[in-house]
Structure formats: C-alpha cells, structure tokens
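Data first, discussion second: the structure below is written as structure tokens.
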Amino acid sequence: MMNERTIFNLKIDIKDLNISSENTEKIFKTELLVDEAKNNEISLKIFYDDELGRQIMSWTQFHSDNILKRFHFVDVQEPENLKRIEFLDYRVKGMHTSTDFHESGKQFIILKLTGVKKIFYNTYKDSSIIYLNREAFKLIELNYIYTHSLFWDKEYKWKPVNNIQNNIEFNKISFVPKHKFTHENNSSQKVVIKKDPIFHIEYSELKVNDINDHVKLLCKLYSFIIHENIDYSISRIFTENELHVEIKDVTNNEVNSHGLFWFDFGQNPLNFILNVDSPHLLKNLNFLSKIIDRFNYALRTSDESKFMILYNILEQIRNEYILSGKIDTNLAGEKPNLKKVVEEYNFNISKRKTDKFISQSLETIADIISEEDKELFIKEIKFKLTPIKVKSMSNQFKSLFEHLNIKPEEFEIDFKELKSLRDAIFHGRPINENLNALREINRYDKLPKFVGRIILKYCGIEDLKNIERIPL
C-alpha cells in the first residue's frame, strides 16, 4: 500500500490567489509521493496550467499562516480503496518549482511536507503497528537475545528471541515493543538483516484519536527515560471499517543515551511505563509532553539556560497542581484561579493602612540613601510595596513540596540560594561571581534530579524502591 500511486483532487482555498485558468474553483490534480529511500520523504506533486507555483511561493513569502490549512481533499482518482487524505497540523517545509517540470502536458510544483495521513476503506481488522524512529532502536533492542548455530553439515540458523512474549497492558490498549525483521539480498554472498523498532498494539472498540493518544504517551515516556526524542515515523491503525496510515518527518539518529533514572528502573524503560498513572497522564497529555520536551532540552544546555528552564518547569508543575485543585485551594478559590494565588503575609490592619505604614517606613530608609539616589528611591517606593508583602519563593513552593512529599534539601538544594540565582539571572545581573554556585546546583544529581523526581511524582511514581519490575 505504501508503493502504489496516490492521486486525488485538491482544492486550494486562497481567496487572493490570482489564478488565470478556466478552473475557477481552484481544484488541481495532485499526487502524493512517499520516498522510502529518503526516510519516507513526503511530497505533493500539484499539476497546473498557469503560474500556480510562482503565485503560491509569493503568497507564502508574505503570510505566516500554515498554507496546508488551506489545502482541502476533494475526491480520489486512485487507488479505489483510498477514502480521504488529511493534512492534520503538518506543514510545508520546502517547495520546488520550475518551468522544466512537466508531466502529461501539464506543469507541476512539488511541496515537501512534514507529514500526512491517509484513510482507507477496510473490511478486516488486524493488529496495529507503530514504526518508531531510530532513537528507539537501543530501547527495543534491550528486549532481545539472539541464538545462532553453525554446523559444517547443516544450515546456518539465526534466531532472534524477544523476552517480551506477552502483551503489556497499558490503560485501554496492550502492546509489545519489538523489531520488525526484513532482509535485503544484495548479492549472492551477502544477506543484510534490517531491524526496525515497532510497537505491536492490540485494543478493542477504541476511536483512532484515543489510540493515537496512547501511542503518543508511550513515546513521551520512552523519551523521558533516555532524554531523547522517541517518536513514530509511520503508524498503521485499524478501526472499524477503516485503516489509518500516518506518515511523518521525524529525526532518525541512533543514540546510546542513559537517562538520569536509567538505573533506578533497572535499565529497562518498561519498568517506568508499567508504574505510571496512565489514565491521569492521558488526560493531561499535552501538559506532560511539554514538560518532558522542556526537561530533555534543558539537559542539553548549560549554565543560565539550563537553570532557568528547570526552574520554570517547577513553576509550571506548581501551577498545574493549583489549577487541578490539589494545592493552595484556600488561595486559588473554589474554582482554581492562578491570578488569585498571590501569597502575601497576613497583616493586622487594613490594606490601605498597611501600604501607608510600609511607605512611611521606606521613607525613613531614604535618610541613609546617598543624595544622588535619594530622589529616585522615594519615587520608586510605590513599586516596592507588593514585593515586601509577598512571601519568599521558598514559601510559594512549600505547598507543592509538602503535597508531593519531597524535600529539596535531600538533593542538597537550598531554596534561598536558588531564589537568589533566579533573581540575578532574571534581572540580567552579571553572575560571574555566582557561576560556580550555578554550575554546582546544575549538577545532574541536584536540580536536574530534583525536577526529574517531581516529574516522576506527577506521573504517579511515588517511591522508586517499590515499583513493579519486568526482568530482562
């Protein structure tokens, strides 16, 4: 099905596109191409009779919109079992146009896409297969042992054995991480065996979006365990009377990374996946994906960038717990609202009298300010009232840490020092004198490990010593 021609009619919905042809509805014969030899590169070949290529290219130069949002599938020419094509949230990543591009008497332009989805009519149901990028190879390879034998009077035998024989239950699906083995007989003397990492998925009566969410969550959890982007390049998902084939542009670099919690989970990512709260994570998939992506990115940076990203992850997680009504409910209100969470000290007098008292106290401090700065200090007193009334950053995070039963000091983190570093970086102050302290707190076993443990707790893993394990 991957190699057959896919030809359909496409409507381009751009009102200000001046196309001087008889086809006033702007419908064009289009061929979808997938080049397996180039990592499943996806292209649209759009045929036209006028200057479509130049005009589309000109339009994209002056508009920031995703032009694929203006492309609409009309109907199929071939194959007969193709039902429709969807562009989802994918984008055009390149365009090729030339007066030399001709086929069957028509010119064409070629658009390179980041992904596409084809939906086929289908009369049978099979197991769904998710093809993963090469970053996943080492993780799937962990499941395998290989036996081989060679006797002079018998045939050579080579047998891969997957230690994961039974489907692993994961919320509403079950899956087996495995390799798909294919061979290339390039010559009479050499046979090449290719191993592609895949998820083999089973389920019943699930909608395609629900299945996709399970797959995306699995990929994100695998990504977290080695801090590399694990993603699928092709998915073949069967639902009632339909086959959904999604192809997308992903990175394909074989890596050999070990994450911060690699040994905590016995060098087996399945020990992580088995212990997460999958229903909770599926409901909060977008948030979790953003946090894991940012965490993995932070670990590839250093100094200020690393520190500020990790610190912001703490803020985002705290905000998420507030919005879900799990902490600071007395401050955020019955319907949680972050804007209400301004943790000020409780004062014995009214707000007006409090502000007046603080202002008068600050005015007395002006007496010890140098004459050249005194006037400026007095003018800025009104801007200093709120910072004085707000509790320190350590108190603002206190409710989160108490709820999660985690102590920063166990990771050798002093929140006063953390707050001081954060303020220095945020306000653009030189941190040369604090550089050693910054690098010390950025050590993998301090702030990165601390933030990582909080992410694990968000995933539902409270105690790393008491988790279900699968022996390899």
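The values are calculated or read from the model by the stated rules, or taken from the named source; none is laboratory data. Note that this is a predicted model, so its numbers are computed, not measured. Every residue, glycine among them, receives a Cβ derived from its backbone with ideal geometry; neighbour counts consider all protein chains shown. SASA here: full protein model, heavy atoms, side chains in, ligands and nucleic acids out. Shrake-Rupley method; radii C 1.70, N 1.55, O 1.52, S 1.80 Å.
Gain in length, Asp445 to Ser204, computed as 0.36 nm per residue apart minus the alpha-carbon separation, to one decimal in nm?
Working: separation 241, 0.36 × 241 = 86.76 nm, distance 4.27 nm.
Here the answer is 82.5 nm.
Only lysines eight or more places from Lys374 in sequence, or on another chain, were considered; those with a Cα closer than 30 Å are Lys351, Lys353, Lys356, Lys382, Lys384, Lys389, Lys391, Lys416, Lys419. Nearest 0.05, what FRET efficiency do Leu464 and Asn253 give at R0 = 25 Å with Cβ-Cβ as r? According to the calculation, E is roughly 0.30. The solvent-accessible area of Thr251, taken with every protein chain present and a 1.4 Å probe, is close to 70 Å². For Trp59, Trp158, the ranking by accessible surface with the largest value first comes to Trp158, Trp59, using a 1.4 Å probe.
Lys and Arg at +1, Asp and Glu at -1: add these up for the other residues within a Cβ distance under 15 Å of Asp35 and post the number. Numbers along the way, then the final one.
Working: positive: Arg5, Lys38, Lys45, Lys93, Lys112, Lys248; negative: Glu4, Glu31, Glu36, Glu41, Asp249.
Overall, the nearby charge balance is +1.
Listed by chain and number, the lysines whose C-alpha is less than 22 Å from the C-alpha of Lys465, apart from same-chain residues fewer than 8 away, are Lys407, Lys446, Lys449, Lys457. One chain, two ends: Ala37 and Thr182. Fully extended at 0.36 nm per residue, the span grows by 50.7 nm beyond their Cα-Cα distance. For the residue pairs Lys38/Lys178; Lys138/Lys159; Lys69/Lys125, the alpha carbons lie more than 28 Å apart in Lys69/Lys125.
Dipole size of the range 182-304 about its Cα centre, with +1 on Lys/Arg Cβ and -1 on Asp/Glu Cβ: approximately 180 debye, rounded to the nearest 20.
Can you send over the solvent-accessible area of Phe181, 1.4 Å probe, protein chains only, in Å² to the nearest 10? Phe181 has an accessible surface of roughly 70 Å² with all protein chains in place.
Solvent-accessible surface of the range 213-339, taken per residue with a 1.4 Å probe and all protein chains present: 41 Å². Residue-normalised convex hull volume from the C-alpha trace of the chain: 261 Å³ per residue. Lys172 contributes about 130 Å² of solvent-accessible surface, heavy atoms of the protein only, 1.4 Å probe.
For the range 307-454, state the average projected area of the convex hull of the C-alpha atoms over all orientations, rounded to one decimal in nm². Spell out each step's value before the answer.
Numbers: hull surface 44.7 nm².
If I average the Cα hull's projected area over directions, I get 11.2 nm².
Classify the range 274-351 as rounded, prolate or oblate, taking a ≥ b ≥ c as the square roots of the eigenvalues of its Cα gyration tensor: rounded when a/c is under 1.5, otherwise prolate if a/b is larger than b/c and oblate if not. Oblate, since a/c reaches 1.5 and b/c is not below a/b.
At a 1.4 Å probe, what is the % contribution of carbon and sulfur to the accessible area of the chain?
On the way: 12330 of 26500 Å².
Carbon and sulfur atoms account for 47 percent of the accessible area of the chain.
Simple spin-label estimate for His280 and Ile368 gives 4.9 nm between the two label positions (7 Å along the Cα-to-Cβ direction from each Cα). If you sort Tyr321, Tyr156 by accessible surface, 1.4 Å probe, largest first, the order is Tyr156, Tyr321. Of the listed residues His148, His403, His214, the order by accessible area with a 1.4 Å probe, largest first, is His148, His403, His214.
So if R0 is 51 Å, what FRET efficiency would Lys29 and Ile309 give, r being the distance between their Cβ atoms, rounded to the nearest 0.05? Using R0 = 51 Å, I get an efficiency of 0.60.
Estimated from the Cβ-Cβ distance and a Förster radius of 60 angstrom, the FRET efficiency linking Ile381 and Glu141 is about 0.40.
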